[in-house]
Amino acid sequence: MNRKTLNKLAAAIAAGVFLAAPAHAQVDNAGFVYVGPIGDHGWTYRHDVGRLAVERELGIDTTFVESVSEGADAERVIRKLAAGGSDIIFTTSFGFMNPTIRVAKQFPQVKFEHATGYKRAANVSTYSGRFYEGRAVIGTIAGHMTRTGQIGYVASHPIPEVVRGINAFTLAMRKVNPEATVKVVWINSWYDPGKEGDAAKALIDDGADIITQHTDSPAPLQVAQQRGVHAFGQASDMIAFAPKAQLTAIIDNWDRYYVERVKAAMDGTWKSADMWGGIRSGMVEMAPYGDAVPADVRAAADAVAAAIVDGRLHPFAGPVNNQAGEQVVAPGETLNDKALLGMDWYVEGVQGRLPK
Amino acid sequence: MDLLIAAMLTIITAATPLLYAALGELVAEKSGVLNLGVEGMILLGAVCGFAAVTFTGNAAAGIAAGALGGAALSSVFALLALGLQASQVATGLALTIFGTGLSALLGQDLVGAAYDGLPKLAVPLLSEIPLAGALLFHHDILVYGSLALPAAVAWFLTRTRAGLVLRAVGDSHEVAHAMGYPVIRIRCLATLFGGACAGLAGAYLSLAYSPLWIENMSAGRGWIALALVVFATWRPWRALAGAYLFGGITIAQLHAQALGVAIPSQIMSMLPYLATIAVLVLISRDKSKIKRNAPACIGRAFHPSS
């Protein structure tokens, strides 16, 4: 290599650096960190659908890393994305909260979006869905359609998010059917198709004629289909697994939020914020009704969803009684977000004791 | 009464995969092979079985593919741990990790596919008997097979010459070798049998228990099967009892919750494991008793020249 080529090379590198420099101001890559595999047909799958919407609508590149465990690995993966040129990074599980905050401090020019957490910074936003609004809609359907007056609820872990769902479902159900009750079976796992199915079987054997779930696999729906009872899908439309049994499903829809946030970053209007979006924001969506849902029930469910959207109805508006029958929310009052985020008690109509 | 029958039917489905995996591992361990890759082999069996059913629509093809998938993965173990003398424990653990990843890769396009489940075969006349008919004679082929398997394994191990040789290899490979038996080949066959059984357990999961494929759907059942072998002190009939006990505890706790029994569900979820520990403590008190059943050469590598 002679001097001339060396000079050329140096010039090329200098030009490269010069050209690359302003690239930091714009957004050419969005990074995504997932807790599960994109093939889980639930939580992570829906986040990946959102990522694809960003690619499609904004025409930028995206990078994703799946099945990242919620520990030391997470910080390494997030840092690698930040260092590798992702200008906005979505970390999509509660356990990624502290790693996200730590990496965000080291990369102030990169924007971070953390799902379901509560720690924010100048370059870290948080976002989550008000899935309890969807639970109020399916609770309304269940109240209309149950014959035995008993609903089976396959639940994962006794944390506020899950308890809030059970309560919202029960309150909406008892508004249309004050005698109906909910039985909850905890399986202490987010994901164990065999056990989820067994729990559904136990609930059906015990008299439930509608099954709903806060676990991630479609196994409970399959059991409902086999046993000839009804059920609701979770996180994504699960109609393929239970064409007769699924009445509707609560769908997590991150598409619009992801596109909006990446677009804001591209326009330079991105600001740290806390987003907790429900049906109105499009984050919580209902799947098309199953054939088994009669027209009047569809109308009732649509009415509940519409009332939630325009603010006339809050799923936790009083009067709300706890399990002991004591009034905890007076008529005219509504539980605030803080009470919702820390919910650790059952409303009237839920059977059994909440594990602590 | 109906509730009891329903609960018992669920227990049968919960016990069947455990039973297949445990009996396969039992035979492998009796020959002196400790294969910790059961979880990986179950997953590969599950994805192969489900893929075969999706593409051919034939239940028999699905079951066969499940067994072949499990056996194929166990042949990797045989090659590394028996042929090349790698550590059995490390190889087995690697097999579980490899099987989990490989099954996820193979199953990418199967996520979301639906299958109605294995057909139920009612035994003529017997299935008409009230209560017992529904309980015992109205199942799919894999459940009947799982009930026949302990008998076959027990007969093979204790009543046949080949079974005697297999146990001899597991108890003292030097002596078996000196007597002219091909130790490595026998262990390979036992390992393949263990793999095929784990594959059948997987096929039962993805074809009958919850007929679908999703990643990691075995959710730790391979490890329970490994515990079951020790729990059963390497005896096939005890493995049958153990599988039903483990399945029974799991299902009983779900029913107890549905019936509103006020025991914390976390404690009830631990019960199968507590039961294992309790039985381990009990059986290990009588050392000679466990020694008579435990294969003496378990996990030890064999080289003809040593």
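Residue check: is A:Pro158 crowded, with 24+ Cβ neighbours inside 10 Å, in contact (Cβ under 8 Å) with a residue 12 or more places away in the chain and either under 23 Å from the mean Cα position of the chain (by Cα) or more than 8 Å from chain B (Cβ to nearest Cβ) (or both)? Spelling it out, it is not the case that A:Pro158 is crowded, with 24+ Cβ neighbours inside 10 Å, in contact (Cβ under 8 Å) with a residue 12 or more places away in the chain and either under 23 Å from the mean Cα position of the chain (by Cα) or more than 8 Å from chain B (Cβ to nearest Cβ) (or both).
Among the candidates A:Val329, A:Val304, A:Val297, single out the residue that is touching a Ser or Thr at 6+ places or on another chain (Cβ under 7 Å) and among the aliphatic types (A, V, I, L, M).
Numbers: A:Val329 fails: touching a Ser or Thr at 6+ places or on another chain (Cβ under 7 Å); A:Val297 fails: touching a Ser or Thr at 6+ places or on another chain (Cβ under 7 Å).
Only one candidate passes the filter, namely A:Val304.
Please work out if B:Ala46 is within 14 Å of chain A (Cβ to nearest Cβ) and either modelled with pLDDT under 90 or in contact with a His (Cβ under 6 Å, 6 or more places away or on another chain) (or both).
no
The requirement of being touching a strand residue (DSSP E or B) at 6+ places or on another chain (Cβ under 9 Å) and either over 21 Å from A:Pro315 (Cβ atoms) or not assigned by TED's automatic domain parsing to the domain that holds A:Ala317 (or both) is fulfilled somewhere in the range A:164-186, by at least one residue.
Only one of the numbered conditions (1) at negative phi; (2) loosely packed, with under 15 Cβ neighbours inside 10 Å is violated by A:Pro315, and that is (2).
For the range B:132-163, a residue qualifies if it is more than 27 Å from A:Leu221 (Cα to Cα), more than 22 Å from the chain's Cα centre (by Cα) and aliphatic (A, V, I, L, M), and exactly one does: B:Ala132. Might you let me know whether the range B:178-197 holds any residue that is farther than 27 Å from B:Ala104 by Cα and among the small types (Gly, Ala, Ser)? Yes, the range B:178-197 contains a residue that is farther than 27 Å from B:Ala104 by Cα and among the small types (Gly, Ala, Ser).
Identify all residues within the range A:270-295 that are within 17 Å of A:Phe90 (Cα to Cα) and surrounded by fewer than 19 Cβ atoms within 10 Å (Cβ to Cβ); write none if there are none. Answer for the range A:270-295, where residues must be within 17 Å of A:Phe90 (Cα to Cα) and surrounded by fewer than 19 Cβ atoms within 10 Å (Cβ to Cβ): A:Lys271, A:Ser272, A:Ala273, A:Asp274, A:Met275, A:Trp276, A:Gly277. Please state which of the following conditions B:Thr54 fails to meet, knowing it meets all the rest: (1) crowded, with 23+ Cβ neighbours inside 10 Å; (2) part of a helix (DSSP H, G or I); (3) touching a residue at least 24 places away in the same chain (Cβ under 8 Å). Just one mismatch for B:Thr54, condition (1). Scan the range A:120-162 residue by residue and report those that are closer than 30 Å to A:Gly268 by Cα and part of a loop (DSSP other than H, G, I, E, B). The answer is A:Arg120, A:Ala122, A:Asn123, A:Arg130. Restricting the range B:202-217 to residues that are facing chain A (nearest Cβ under 8 Å) and of a type outside the set (D, E, K, R) leaves a set whose member that is nearest to B:Gln108 (Cα to Cα) is B:Ile214. In the condition set (1) away from every other protein chain (no Cβ under 14 Å); (2) modelled with pLDDT of 90 or more; (3) more than 28 Å from B:Leu79 (Cα to Cα), B:Leu192 is compliant with all but (3).
Just one of the listed residues (B:Gln108, B:Gln85) is on the phi > 0 side of the Ramachandran plot, over 21 Å from the mean Cα position of the chain (by Cα) and surrounded by fewer than 19 Cβ atoms within 10 Å (Cβ to Cβ), and it is B:Gln85.
Is it the case that some residue within the range B:106-117 is within 14 Å of chain A (Cβ to nearest Cβ) and under 20 Å from B:Glu25 (Cα atoms)? Step through it out loud before you land on a result.
In the first step, residues of the range B:106-117 are kept if they are within 14 Å of chain A (Cβ to nearest Cβ); the result is B:106-117.
Restricting the remaining residues to those that are under 20 Å from B:Glu25 (Cα atoms) gives none.
Within the range B:106-117 (the criterion being within 14 Å of chain A (Cβ to nearest Cβ) and under 20 Å from B:Glu25 (Cα atoms)), the answer is no, since none of the residues qualifies.
For the range A:323-352, residues that are exposed (fewer than 15 other Cβ atoms within 10 Å of the Cβ) and within 14 Å of chain B (Cβ to nearest Cβ) total 0. Looking across the range B:98-115, the residues that are in a helix (DSSP H, G or I) and of a type in the set (Ser, Thr, Tyr) come down to B:Thr100, B:Ser103. Of note, A:Ala300 does not satisfy the criterion of being away from chain B (no Cβ under 14 Å) and more than 22 Å from A:Ala180 (Cα to Cα).
How many residues are hydrophobic (A, V, I, L, M, F, W, C), closer than 19 Å to A:Ala292 by Cβ and not in a helix (DSSP H, G or I) when one looks only at the range A:215-274?
13
A single member of A:Asp216, A:Asp198 is out of contact with any strand residue (DSSP E or B) (no Cβ under 8 Å at 6 or more places or on another chain), of a type in the set (Asp, Glu), within 13 Å of chain B (Cβ to nearest Cβ) and buried (at least 24 other Cβ atoms within 10 Å of the Cβ), and it is A:Asp198.
May I ask you to list the residues in the range B:196-239 that are free of Cβ contacts under 8 Å to residues at least 12 places away in the same chain and assigned to a loop (DSSP other than H, G, I, E, B)?
Selection gives B:Ser210, B:Ala219.
Restricting the range A:170-200 to residues that are of a type in the set (Ser, Thr, Tyr) and not in a helix (DSSP H, G or I) leaves a set whose member that is farthest from A:Pro220 (Cα to Cα) is A:Thr181. Out of all the residues in the range B:225-239, is one or more within 14 Å of chain A (Cβ to nearest Cβ) and either more than 22 Å from B:Gly32 (Cα to Cα) or not aliphatic (A, V, I, L, M) (or both)? No, there is no match, as no residue in the range B:225-239 is within 14 Å of chain A (Cβ to nearest Cβ) and either more than 22 Å from B:Gly32 (Cα to Cα) or not aliphatic (A, V, I, L, M) (or both).
Which pairs turn up if I take residues in the range A:168-189 that are over 16 Å from A:Lys201 (Cβ atoms) and within 14 Å of chain B (Cβ to nearest Cβ) and look for partners that are of a type in the set (A, V, I, L, M, F, W, C) and part of a strand (DSSP E or B) with beta carbon separation below 6 Å, at least 6 apart in sequence or on another chain? Between residues of the range A:168-189 that are over 16 Å from A:Lys201 (Cβ atoms) and within 14 Å of chain B (Cβ to nearest Cβ) and residues that are of a type in the set (A, V, I, L, M, F, W, C) and part of a strand (DSSP E or B), the close pairs are A:Val182/A:Ile151; A:Val182/A:Val350. Selection of the range A:177-195 for residues being buried (at least 24 other Cβ atoms within 10 Å of the Cβ) and among the acidic types (Asp, Glu) yields only A:Asp192. Taken together, the criteria place B:Phe77 among residues that are among the aromatic types (Phe, Trp, Tyr), over 25 Å from A:Ala224 (Cα atoms) and surrounded by 20 or more Cβ atoms within 10 Å (Cβ to Cβ). Only one of the listed residues (A:Ile78, A:Ile38, A:Ile60) is more than 24 Å from A:Pro160 (Cβ to Cβ) and within 14 Å of chain B (Cβ to nearest Cβ). That residue is A:Ile38.
The values are calculated or read from the model by the stated rules, or taken from the named source; none is laboratory data. All values derive from a computational prediction rather than experimental measurement. Using ideal geometry, Cβ is built from the backbone for each residue, glycine included, and neighbour counts are taken over all protein chains shown.
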